[in-house]
Amino acid sequence: MARILVTGGSGKLGRAVLRDLVTHGYDVLNLDQHTLPEPICPSLRVDLANFGEVAAAILGGVDERGGPFDAVVHLAAIPAPGLETDIATFQNNMLAAFHVVQAARRAGIRRIVTASSETVLGLPFDIDPPYAPVDEEYDTRPESVYSLGKHLEEELARKVAERTREL
């Protein structure tokens with residue numbers, strides 16, 4: 001049975017992902033600062049802004065909920081612009097993404113899924129797009145600090161994946 005670590009499983013998307021993974025027979029551990037409102041799977045409270053906590057959870061886990069893990073699904077984030085200050089949103093989301101990807105890479109985990117956002121494309125299109133419908137060639141147009149962070153998280157994941165393939 002594959003072991004999957006999910007960050008942010010206590011959120012709306014996270015709970016749906018946890019349920020789906022558990023339903024399909026995966027052994028799942030949720031890392032989050034918030035507790036699950038329902039007992040979908042084991043959870044561990046981790047501050048993703050603290051690399052030591054992230055690395056400990058991913059590299060060795062904690063007690064009987066330990067690793068190793070076959071994959072990581074990173075969903076944890078301040079989920080939208082305007083919920084916190086721009087600085088808090090950028091710092092939280094970027095640092096968490098880097099810590100999760102870096103710890104997973106160091107643990108030898110080659111399957112990492114991260115969540116992005118349609119806001120990276122400029123949605124809800126405060127400024128008209130240069131063409132529609134948008135396609136894979138459409139360049140990103142982040143119009144908020146939140147969407148800028150999501151764009152940079154995509155680039156982080158892309159570069160780590162490229163580097164991992166080279167090794």
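So what J values fall out for the stretch 99-107 if you push phi through Karplus, 6.51 cos²θ - 1.76 cosθ + 1.60 with θ = phi - 60°, rounded to Hz, Gly and Pro as x?
4, 5, 5, 5, 5, 4, 4, 5, 7
What dipole magnitude, in Debye to the nearest 20, does the chain give about its Cα centre under +1 on Lys/Arg Cβ and -1 on Asp/Glu Cβ? Walk me through the numbers before you get to the answer.
Numbers: 16 positive and 24 negative charges, 146 e Å.
Dipole magnitude for the chain comes out near 700 debye.
Considering only C-alpha atoms, what is the centroid distance from the stretch 1-70 to the stretch 103-164, in Å?
Between the Cα centres of the stretch 1-70 and the stretch 103-164 lies a distance of 23 Å.
Find the accessible area per residue for the chain; the probe is 1.4 Å, ligands and nucleic acids are left out, and the unit is Å².
With the other protein chains kept in place, the chain gives 57 Å² per residue.
Tilt of helix 12-23 relative to the longest C-alpha principal axis of the chain, in degrees (0 to 90, nearest 10)?
For helix 12-23, the angle is close to 40 degrees.
Report, by chain and number, residues whose modeled amide H sits under 5 Å from the one on N30, excluding near sequence neighbours (fewer than 5 apart, same chain).
Amide H neighbours of N30, under 5 Å, 5+ apart: V6, S43, L44.
Of the options P81, Q91, T114, report the single residue whose Cα projects farthest towards the positive end of the charge dipole of the stretch 54-124 (beta-carbon charges: Lys, Arg +1; Asp, Glu -1).
Positive-most Cα among the choices belongs to T114.
Which of the following values of Cα extents along the principal axes in Å was calculated from the structure shown: (i) 52, 40, 32; (ii) 42, 35, 31; (iii) 65, 35, 34?
Checking each listed value against the structure points to (i).
Against the longest alpha carbon principal axis of the chain, how many degrees, from 0 to 90 and to the nearest 10, is the axis of helix 145-166 turned?
Compared with the principal axis, the helix lies near 60 degrees.
The values are calculated or read from the model by the stated rules, or taken from the named source; none is laboratory data. Model, not experiment: these values are computed from the prediction. Note: ideal-geometry Cβ built from the backbone for every residue, glycine included; neighbour counts use all protein chains shown. Just so you know, the surface numbers come from the protein's heavy atoms only, side chains and all, with ligands and any DNA or RNA stripped out. Shrake-Rupley method; radii C 1.70, N 1.55, O 1.52, S 1.80 Å.
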